[in-house]
Amino acid sequence: MGGLFGGGGQSFSETRLGGLQVSQSVYGIPIPMVYGKTRITCNLIDYVDFNGAAHTSSAGGKGGGSSNTSYSYSATILFGLCIGGASGEIQLISAWQDKNKWTTTVATTGSATSPVNSALGSMAVTTPYSTPAAMYTAMGGWNLFDGNSAQSAWGYMTTNHADHAIDYRGLAYFSCSNFGLLSGATMGNWSYEVKGLKRYSVSIDDANPVDVLTDFFTHPSHGAGFPAAKLGDLSNFSNWCVASGLFISPFFVTQKPAIDHWVDILDALASEAVYSDGLLKIIPYGDAAITGNGVTFTPNLSPAYYLTDDDYLDANQPVLATRIAQANAYNQIPVEYANRANDYILTTMTVNDQATIENYGLRPDSVHKWNFIAAPAVAAIAAQMKLQRSVYVRNQYTVRLSWMYARVEPMDILALNESALGL
(Lines give C-alpha, C1' and ligand atoms only; values in the text may rest on other atoms or scores of the structure.)
Protein backbone atom coordinates (compact mmCIF):
# COMPACT_ATOMS: atom_id res chain seq x y z
CA MET A 1 0.00 0.00 0.00
CA GLY A 2 2.92 2.35 0.67
CA GLY A 3 4.03 1.95 -2.93
CA LEU A 4 0.55 2.71 -4.27
CA PHE A 5 -0.01 5.89 -2.27
CA GLY A 6 3.52 7.23 -2.25
CA GLY A 7 4.52 6.12 1.27
CA GLY A 8 7.94 4.60 2.08
CA GLY A 9 8.62 0.91 2.62
CA GLN A 10 8.81 -0.53 6.13
CA SER A 11 12.22 -1.18 7.68
CA PHE A 12 13.11 -3.58 10.47
CA SER A 13 16.10 -3.48 12.82
CA GLU A 14 16.84 -6.30 15.24
CA THR A 15 17.64 -5.23 18.80
CA ARG A 16 21.37 -5.46 19.41
CA LEU A 17 22.20 -7.68 22.39
CA GLY A 18 24.63 -6.44 24.99
CA GLY A 19 26.23 -9.63 26.23
CA LEU A 20 26.78 -13.36 25.85
CA GLN A 21 23.89 -15.70 26.74
CA VAL A 22 25.41 -18.66 28.62
CA SER A 23 24.07 -21.98 29.87
CA GLN A 24 26.30 -22.14 32.97
CA SER A 25 28.73 -19.74 34.62
CA VAL A 26 28.72 -20.32 38.36
CA TYR A 27 31.16 -18.94 40.90
CA GLY A 28 32.29 -21.21 43.72
CA ILE A 29 31.21 -24.61 42.38
CA PRO A 30 33.61 -27.57 42.81
CA ILE A 31 36.07 -28.25 40.00
CA PRO A 32 35.34 -31.76 38.66
CA MET A 33 37.90 -34.48 39.34
CA VAL A 34 37.90 -36.78 36.31
CA TYR A 35 39.47 -40.24 36.29
CA GLY A 36 39.66 -42.60 33.33
CA LYS A 37 37.63 -41.38 30.36
CA THR A 38 34.14 -39.93 30.55
CA ARG A 39 31.88 -37.12 29.36
CA ILE A 40 31.49 -33.93 31.38
CA THR A 41 29.87 -30.53 31.08
CA CYS A 42 31.80 -27.29 31.49
CA ASN A 43 31.60 -23.98 33.32
CA LEU A 44 32.26 -20.60 31.65
CA ILE A 45 35.08 -18.99 33.63
CA ASP A 46 35.74 -15.87 31.51
CA TYR A 47 34.80 -14.08 28.30
CA VAL A 48 35.88 -10.86 26.61
CA ASP A 49 35.65 -9.22 23.17
CA PHE A 50 31.88 -9.53 22.91
CA ASN A 51 30.96 -8.05 19.56
CA GLY A 52 27.78 -7.65 17.54
CA ALA A 53 28.29 -7.08 13.82
CA ALA A 54 25.39 -5.43 11.94
CA HIS A 55 24.16 -6.88 8.66
CA THR A 56 21.77 -4.69 6.65
CA SER A 57 19.90 -5.71 3.55
CA SER A 58 17.66 -3.42 1.52
CA ALA A 59 14.95 -3.91 -1.08
CA GLY A 60 13.73 -1.19 -3.45
CA GLY A 61 10.24 -0.63 -4.82
CA LYS A 62 7.89 2.01 -6.21
CA GLY A 63 7.48 4.81 -3.75
CA GLY A 64 10.35 3.73 -1.52
CA GLY A 65 12.37 0.78 -0.26
CA SER A 66 12.82 -1.17 2.95
CA SER A 67 15.79 -2.40 4.94
CA ASN A 68 16.40 -5.14 7.46
CA THR A 69 19.22 -5.09 10.00
CA SER A 70 20.33 -8.17 11.93
CA TYR A 71 23.40 -8.97 14.02
CA SER A 72 25.89 -11.79 14.30
CA TYR A 73 27.89 -12.13 17.49
CA SER A 74 31.29 -13.33 18.59
CA ALA A 75 33.24 -13.48 21.83
CA THR A 76 36.49 -14.78 23.27
CA ILE A 77 35.61 -17.63 25.64
CA LEU A 78 37.20 -19.76 28.36
CA PHE A 79 35.50 -22.99 29.54
CA GLY A 80 36.71 -24.63 32.76
CA LEU A 81 36.85 -28.42 32.41
CA CYS A 82 38.38 -30.32 35.34
CA ILE A 83 41.33 -30.73 37.68
CA GLY A 84 44.58 -30.71 35.71
CA GLY A 85 47.29 -33.36 35.78
CA ALA A 86 50.80 -33.90 34.52
CA SER A 87 51.69 -32.39 31.16
CA GLY A 88 49.62 -34.14 28.50
CA GLU A 89 47.64 -36.23 31.01
CA ILE A 90 44.33 -34.43 30.47
CA GLN A 91 43.20 -34.96 26.88
CA LEU A 92 40.08 -33.92 25.03
CA ILE A 93 38.78 -36.58 22.64
CA SER A 94 35.32 -35.42 21.58
CA ALA A 95 33.10 -32.37 21.93
CA TRP A 96 29.36 -31.89 21.63
CA GLN A 97 27.45 -28.67 21.04
CA ASP A 98 23.76 -29.48 21.19
CA LYS A 99 23.42 -32.20 18.49
CA ASN A 100 26.76 -31.51 16.81
CA LYS A 101 29.75 -33.71 17.57
CA TRP A 102 33.46 -33.44 16.82
CA THR A 103 35.85 -36.26 17.61
CA THR A 104 39.43 -37.37 17.00
CA THR A 105 41.17 -40.71 16.97
CA VAL A 106 44.49 -39.28 18.22
CA ALA A 107 44.89 -39.29 21.99
CA THR A 108 47.34 -36.43 22.46
CA THR A 109 46.99 -32.86 23.63
CA GLY A 110 47.04 -30.33 20.81
CA SER A 111 46.42 -26.66 20.21
CA ALA A 112 44.48 -25.06 17.41
CA THR A 113 45.95 -23.17 14.50
CA SER A 114 44.47 -19.86 13.31
CA PRO A 115 40.91 -19.34 14.62
CA VAL A 116 37.95 -19.90 12.35
CA ASN A 117 35.14 -17.46 13.09
CA SER A 118 32.00 -19.45 12.29
CA ALA A 119 28.85 -20.54 14.05
CA LEU A 120 28.50 -24.29 14.45
CA GLY A 121 24.80 -24.78 13.86
CA SER A 122 25.18 -26.84 10.67
CA MET A 123 28.56 -28.49 11.28
CA ALA A 124 27.56 -32.00 12.32
CA VAL A 125 30.53 -34.35 12.01
CA THR A 126 30.27 -38.06 11.27
CA THR A 127 33.94 -39.00 10.76
CA PRO A 128 36.82 -38.42 13.18
CA TYR A 129 39.50 -35.80 12.59
CA SER A 130 43.03 -37.04 12.24
CA THR A 131 44.52 -34.85 14.99
CA PRO A 132 43.28 -32.78 17.92
CA ALA A 133 44.52 -29.61 16.17
CA ALA A 134 42.37 -30.40 13.13
CA MET A 135 39.36 -31.03 15.35
CA TYR A 136 39.85 -27.79 17.31
CA THR A 137 40.18 -25.79 14.10
CA ALA A 138 36.99 -27.30 12.68
CA MET A 139 35.22 -26.42 15.91
CA GLY A 140 36.08 -22.78 15.45
CA GLY A 141 39.69 -22.43 16.60
CA TRP A 142 39.64 -23.81 20.13
CA ASN A 143 42.66 -24.51 22.36
CA LEU A 144 43.12 -27.07 25.15
CA PHE A 145 45.16 -26.28 28.28
CA ASP A 146 45.75 -29.41 30.37
CA GLY A 147 46.21 -27.73 33.76
CA ASN A 148 49.76 -28.90 34.42
CA SER A 149 51.82 -27.37 37.23
CA ALA A 150 53.91 -25.22 34.83
CA GLN A 151 50.99 -23.97 32.72
CA SER A 152 51.34 -20.41 31.37
CA ALA A 153 48.60 -17.93 30.67
CA TRP A 154 46.96 -18.07 27.26
CA GLY A 155 49.04 -16.01 24.84
CA TYR A 156 45.97 -14.31 23.39
CA MET A 157 45.03 -12.92 26.80
CA THR A 158 48.59 -11.89 27.55
CA THR A 159 48.71 -9.89 24.35
CA ASN A 160 45.21 -8.43 24.25
CA HIS A 161 43.83 -8.52 27.79
CA ALA A 162 46.68 -8.54 30.28
CA ASP A 163 44.29 -8.12 33.22
CA HIS A 164 42.61 -11.42 32.22
CA ALA A 165 45.87 -13.32 31.64
CA ILE A 166 45.73 -15.99 34.36
CA ASP A 167 47.76 -19.20 34.14
CA TYR A 168 45.04 -21.38 35.80
CA ARG A 169 47.60 -23.93 36.94
CA GLY A 170 45.86 -27.04 38.18
CA LEU A 171 42.79 -26.36 36.02
CA ALA A 172 42.28 -27.85 32.57
CA TYR A 173 40.34 -25.45 30.36
CA PHE A 174 39.28 -24.90 26.75
CA SER A 175 39.49 -21.51 25.04
CA CYS A 176 38.67 -19.79 21.76
CA SER A 177 39.31 -16.24 20.54
CA ASN A 178 36.55 -14.39 18.67
CA PHE A 179 34.35 -17.45 18.46
CA GLY A 180 31.25 -17.11 16.26
CA LEU A 181 28.15 -17.48 18.43
CA LEU A 182 24.80 -18.96 17.54
CA SER A 183 21.68 -16.86 17.03
CA GLY A 184 20.70 -14.79 20.04
CA ALA A 185 24.36 -14.60 21.13
CA THR A 186 24.10 -18.07 22.62
CA MET A 187 26.73 -20.79 22.79
CA GLY A 188 24.47 -23.80 22.94
CA ASN A 189 25.00 -26.66 25.39
CA TRP A 190 28.56 -27.92 25.41
CA SER A 191 29.97 -31.15 26.81
CA TYR A 192 33.27 -32.94 26.35
CA GLU A 193 34.73 -36.43 26.36
CA VAL A 194 37.83 -36.10 28.50
CA LYS A 195 40.66 -38.48 29.19
CA GLY A 196 41.42 -37.72 32.81
CA LEU A 197 43.70 -38.88 35.59
CA LYS A 198 45.05 -42.36 36.28
CA ARG A 199 44.07 -44.16 33.07
CA TYR A 200 45.17 -47.78 33.38
CA SER A 201 46.99 -48.31 30.07
CA VAL A 202 47.18 -47.34 26.43
CA SER A 203 44.50 -49.89 25.60
CA ILE A 204 42.34 -49.41 28.73
CA ASP A 205 41.24 -45.80 29.21
CA ASP A 206 39.34 -46.51 32.43
CA ALA A 207 41.16 -46.46 35.76
CA ASN A 208 42.15 -49.05 38.32
CA PRO A 209 39.97 -48.24 41.37
CA VAL A 210 43.04 -48.47 43.63
CA ASP A 211 44.78 -45.69 41.68
CA VAL A 212 41.62 -43.56 41.85
CA LEU A 213 41.19 -44.13 45.59
CA THR A 214 44.84 -43.37 46.37
CA ASP A 215 44.85 -40.15 44.35
CA PHE A 216 41.41 -39.10 45.62
CA PHE A 217 42.33 -39.47 49.28
CA THR A 218 46.01 -38.51 49.40
CA HIS A 219 46.96 -36.15 46.52
CA PRO A 220 48.66 -33.09 48.09
CA SER A 221 46.70 -30.47 46.13
CA HIS A 222 43.33 -31.93 45.11
CA GLY A 223 43.05 -34.91 47.47
CA ALA A 224 40.86 -35.24 50.57
CA GLY A 225 43.75 -34.68 52.97
CA PHE A 226 43.92 -38.31 54.10
CA PRO A 227 47.48 -39.23 55.20
CA ALA A 228 49.11 -41.60 52.73
CA ALA A 229 50.68 -43.47 55.67
CA LYS A 230 47.16 -44.37 56.83
CA LEU A 231 46.37 -46.36 53.69
CA GLY A 232 46.76 -50.07 54.19
CA ASP A 233 48.12 -52.56 51.67
CA LEU A 234 45.74 -52.33 48.70
CA SER A 235 47.61 -54.73 46.44
CA ASN A 236 45.12 -57.58 46.81
CA PHE A 237 42.22 -55.20 46.15
CA SER A 238 44.06 -53.98 43.05
CA ASN A 239 44.55 -57.56 41.85
CA TRP A 240 40.84 -58.25 42.38
CA CYS A 241 39.80 -55.24 40.29
CA VAL A 242 42.31 -55.74 37.47
CA ALA A 243 41.90 -59.52 37.18
CA SER A 244 38.10 -59.15 37.20
CA GLY A 245 38.18 -56.32 34.65
CA LEU A 246 36.50 -53.91 37.09
CA PHE A 247 37.82 -50.62 35.72
CA ILE A 248 35.97 -47.37 36.39
CA SER A 249 35.79 -43.77 35.11
CA PRO A 250 34.29 -41.66 37.89
CA PHE A 251 34.10 -37.89 38.01
CA PHE A 252 33.53 -36.21 41.35
CA VAL A 253 31.73 -32.86 41.27
CA THR A 254 29.51 -32.75 44.38
CA GLN A 255 30.62 -31.76 47.86
CA LYS A 256 30.10 -34.43 50.52
CA PRO A 257 32.25 -36.50 52.91
CA ALA A 258 35.00 -38.28 51.01
CA ILE A 259 33.97 -41.80 51.98
CA ASP A 260 30.40 -41.12 50.83
CA HIS A 261 31.68 -40.83 47.27
CA TRP A 262 32.91 -44.42 47.59
CA VAL A 263 29.90 -46.23 49.04
CA ASP A 264 28.38 -47.03 45.64
CA ILE A 265 31.76 -47.67 44.01
CA LEU A 266 32.71 -50.30 46.61
CA ASP A 267 29.23 -51.82 46.32
CA ALA A 268 29.74 -52.24 42.57
CA LEU A 269 33.19 -53.71 43.17
CA ALA A 270 31.89 -56.24 45.73
CA SER A 271 34.31 -54.90 48.33
CA GLU A 272 34.21 -53.31 51.78
CA ALA A 273 36.16 -50.48 53.40
CA VAL A 274 37.57 -51.30 56.85
CA TYR A 275 39.41 -48.90 59.16
CA SER A 276 41.42 -50.90 61.66
CA ASP A 277 44.85 -50.76 63.28
CA GLY A 278 44.97 -47.12 62.19
CA LEU A 279 44.78 -48.07 58.51
CA LEU A 280 42.13 -47.85 55.80
CA LYS A 281 41.83 -51.25 54.12
CA ILE A 282 39.68 -52.39 51.20
CA ILE A 283 38.74 -56.08 51.27
CA PRO A 284 37.06 -57.83 48.31
CA TYR A 285 34.31 -60.42 48.81
CA GLY A 286 35.88 -62.55 46.08
CA ASP A 287 36.49 -66.13 47.27
CA ALA A 288 37.98 -67.73 44.14
CA ALA A 289 41.23 -67.15 42.29
CA ILE A 290 40.90 -65.07 39.10
CA THR A 291 43.45 -64.31 36.40
CA GLY A 292 42.99 -61.51 33.88
CA ASN A 293 44.84 -58.59 32.29
CA GLY A 294 48.14 -60.18 33.30
CA VAL A 295 47.24 -60.20 37.02
CA THR A 296 46.08 -62.96 39.39
CA PHE A 297 43.84 -62.41 42.40
CA THR A 298 44.29 -64.94 45.18
CA PRO A 299 41.73 -64.69 47.99
CA ASN A 300 42.62 -65.13 51.63
CA LEU A 301 40.48 -68.09 52.71
CA SER A 302 42.28 -68.88 55.98
CA PRO A 303 40.06 -68.46 59.05
CA ALA A 304 41.38 -66.10 61.69
CA TYR A 305 39.87 -68.37 64.38
CA TYR A 306 38.18 -71.76 64.58
CA LEU A 307 35.33 -71.20 67.04
CA THR A 308 33.66 -73.95 69.08
CA ASP A 309 31.11 -74.15 71.90
CA ASP A 310 33.89 -73.30 74.36
CA ASP A 311 34.31 -69.85 72.74
CA TYR A 312 30.69 -68.64 72.71
CA LEU A 313 29.36 -66.65 75.67
CA ASP A 314 25.68 -67.57 75.18
CA ALA A 315 25.35 -71.15 76.40
CA ASN A 316 21.64 -71.48 75.52
CA GLN A 317 21.95 -69.97 72.05
CA PRO A 318 25.66 -69.99 71.15
CA VAL A 319 25.11 -69.24 67.45
CA LEU A 320 22.04 -67.36 66.21
CA ALA A 321 21.33 -68.12 62.55
CA THR A 322 18.96 -66.00 60.47
CA ARG A 323 18.14 -66.58 56.84
CA ILE A 324 16.42 -64.36 54.30
CA ALA A 325 13.66 -66.30 52.60
CA GLN A 326 14.41 -67.13 49.00
CA ALA A 327 11.12 -65.49 47.99
CA ASN A 328 12.33 -62.21 49.58
CA ALA A 329 15.73 -62.12 47.90
CA TYR A 330 16.11 -59.73 44.97
CA ASN A 331 16.36 -61.77 41.79
CA GLN A 332 16.52 -58.86 39.36
CA ILE A 333 19.24 -56.21 39.61
CA PRO A 334 19.00 -53.08 37.41
CA VAL A 335 22.16 -50.98 37.01
CA GLU A 336 22.39 -47.52 35.46
CA TYR A 337 25.74 -46.70 33.84
CA ALA A 338 27.16 -44.10 31.43
CA ASN A 339 27.32 -46.05 28.16
CA ARG A 340 30.48 -44.98 26.33
CA ALA A 341 29.37 -46.91 23.26
CA ASN A 342 26.40 -44.53 23.00
CA ASP A 343 28.00 -41.14 23.75
CA TYR A 344 27.75 -41.78 27.53
CA ILE A 345 23.96 -41.71 27.55
CA LEU A 346 22.72 -43.15 30.85
CA THR A 347 21.64 -46.72 30.15
CA THR A 348 19.98 -49.28 32.41
CA MET A 349 21.23 -52.86 32.27
CA THR A 350 19.14 -55.54 33.99
CA VAL A 351 20.34 -58.99 35.06
CA ASN A 352 17.99 -61.74 36.25
CA ASP A 353 18.19 -65.06 38.08
CA GLN A 354 15.65 -66.87 35.95
CA ALA A 355 15.42 -69.97 38.15
CA THR A 356 14.30 -68.07 41.25
CA ILE A 357 11.99 -65.86 39.17
CA GLU A 358 10.21 -68.94 37.85
CA ASN A 359 9.98 -70.53 41.31
CA TYR A 360 9.20 -67.51 43.49
CA GLY A 361 8.15 -64.71 41.16
CA LEU A 362 9.93 -61.53 40.12
CA ARG A 363 11.45 -59.46 42.92
CA PRO A 364 13.31 -56.46 41.42
CA ASP A 365 15.79 -54.36 43.36
CA SER A 366 15.84 -50.56 43.01
CA VAL A 367 18.10 -49.13 40.29
CA HIS A 368 21.75 -48.88 41.29
CA LYS A 369 23.15 -45.65 39.85
CA TRP A 370 26.70 -46.67 38.99
CA ASN A 371 27.49 -43.88 36.55
CA PHE A 372 31.22 -44.26 37.24
CA ILE A 373 31.05 -47.32 34.96
CA ALA A 374 31.34 -46.56 31.23
CA ALA A 375 31.90 -49.98 29.65
CA PRO A 376 28.90 -52.31 29.19
CA ALA A 377 31.06 -55.35 29.98
CA VAL A 378 32.07 -53.88 33.35
CA ALA A 379 28.45 -53.02 34.15
CA ALA A 380 27.47 -56.61 33.39
CA ILE A 381 30.16 -58.07 35.69
CA ALA A 382 29.27 -55.75 38.56
CA ALA A 383 25.53 -56.36 38.20
CA GLN A 384 25.98 -60.13 38.05
CA MET A 385 28.07 -60.16 41.24
CA LYS A 386 25.41 -58.08 43.00
CA LEU A 387 22.74 -60.52 41.82
CA GLN A 388 24.63 -63.61 42.94
CA ARG A 389 25.25 -62.22 46.42
CA SER A 390 21.57 -61.29 46.73
CA VAL A 391 20.26 -64.70 45.65
CA TYR A 392 22.84 -67.05 47.13
CA VAL A 393 24.34 -65.31 50.19
CA ARG A 394 21.37 -65.12 52.55
CA ASN A 395 22.58 -66.52 55.88
CA GLN A 396 23.67 -64.37 58.82
CA TYR A 397 25.26 -65.82 61.95
CA THR A 398 25.51 -63.91 65.22
CA VAL A 399 27.77 -64.90 68.13
CA ARG A 400 28.98 -63.25 71.34
CA LEU A 401 32.67 -63.61 72.08
CA SER A 402 34.92 -62.49 74.91
CA TRP A 403 37.43 -59.64 74.67
CA MET A 404 40.18 -62.09 73.84
CA TYR A 405 38.83 -61.91 70.26
CA ALA A 406 38.85 -58.09 70.12
CA ARG A 407 41.40 -58.09 67.32
CA VAL A 408 38.96 -59.68 64.88
CA GLU A 409 38.36 -57.21 62.05
CA PRO A 410 35.42 -56.78 59.68
CA MET A 411 35.90 -59.05 56.64
CA ASP A 412 38.00 -61.55 58.64
CA ILE A 413 36.95 -65.16 58.13
CA LEU A 414 35.76 -67.14 61.18
CA ALA A 415 35.11 -70.89 61.17
CA LEU A 416 31.92 -71.55 63.16
CA ASN A 417 31.40 -74.95 64.74
CA GLU A 418 28.07 -75.60 66.46
CA SER A 419 26.64 -79.09 66.59
CA ALA A 420 23.01 -78.10 67.22
CA LEU A 421 22.93 -76.18 63.92
CA GLY A 422 24.95 -78.80 62.08
CA LEU A 423 27.89 -76.45 61.65
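Just checking the listed ones, VAL210, VAL48, VAL319: in the Gaussian network model of the chain with Cα springs under 10 Å, the one fluctuating most is VAL319.
With a 1.4 Å probe rolled over the protein heavy atoms of all chains, the accessible area of ARG394, ARG39 falls in the order ARG39, ARG394, largest first. Along the axis of the charge dipole computed for the chain (Cβ charges of +1 for Lys and Arg, -1 for Asp and Glu, origin at the Cα centre), the listed residues PRO132, THR298, TYR285 are led at the positive end by PRO132.
Given the pairs LYS198/LYS386; LYS195/LYS369; LYS256/LYS369; LYS195/LYS386; LYS37/LYS281, which span a C-alpha to C-alpha distance of over 20 angstrom in this model? Distance filter (> 20 Å) returns LYS198/LYS386; LYS195/LYS369; LYS195/LYS386; LYS37/LYS281.
Given +1 at the Cβ of Lys and Arg, -1 at the Cβ of Asp and Glu and no other charges, the dipole of the chain around its Cα centre is 1240 debye to the nearest 20. Mean-square fluctuations from a GNM of the chain, with a 10 angstrom spring cutoff on Cα atoms, peak among MET349, MET139, MET404 at MET404.
Here the spin labels are modelled as points 7 Å beyond Cα on the Cα-Cβ line, and at VAL408 and THR347 they lie 4.4 nm apart. Put +1 on the Cβ of every Lys and Arg and -1 on every Asp and Glu Cβ in the range 318-423; which of PRO318, ASN342, GLN396 then has its Cα farthest towards the positive end of the dipole? The residue sitting most towards the positive pole is PRO318. Entry note: the chain has Rg to Rh equal to 1.15, where both radii use alpha-carbon atoms and Rh is the Kirkwood radius.
In the chain, the portion of solvent-accessible area held by carbon and sulfur atoms comes to 52 percent [1.4 Å probe, whole percent, DNA, RNA and ligands not counted]. Estimated from the Cβ-Cβ distance and a Förster radius of 51 angstrom, the FRET efficiency linking ARG389 and LYS99 is about 0.80. Per residue of the chain, what 222 nm ellipticity follows from adding -39500 (n - 2.57) for every DSSP H run with n ≥ 4, rounded to the nearest 500? After summing the helix terms and dividing by the residues of the chain, the value is -4500 deg cm²/dmol. Just check the range 237-305 against the gyration tensor rule for me: Cα atoms, a ≥ b ≥ c as the square roots of the eigenvalues, rounded for a/c under 1.5, and otherwise prolate or oblate depending on whether a/b exceeds b/c. Judged from the Cα gyration tensor, the range 237-305 comes out oblate (a/c at least 1.5, b/c at or above a/b). For the chain, the antiparallel share of DSSP beta bridges with both residues in that region comes to about 85%. Amide hydrogen proximity for TYR344: with H placed 1.01 Å from N in the peptide plane, the residues at 5 or more positions away or on another chain lying under 5 Å are ASN339. Comparing mean-square fluctuations of ASP343, ASP314, ASP215 from a GNM of the chain with C-alpha springs under 10 Å, the top value falls on ASP314.
The values are calculated or read from the model by the stated rules, or taken from the named source; none is laboratory data. All values derive from a computational prediction rather than experimental measurement. Cβ: placed from backbone, ideal geometry, glycine included. Neighbour counts: every protein chain shown. Quick note on the areas: whole protein, heavy atoms, side chains included, nothing else; ligands and nucleic acids left out. Shrake-Rupley method; radii C 1.70, N 1.55, O 1.52, S 1.80 Å.
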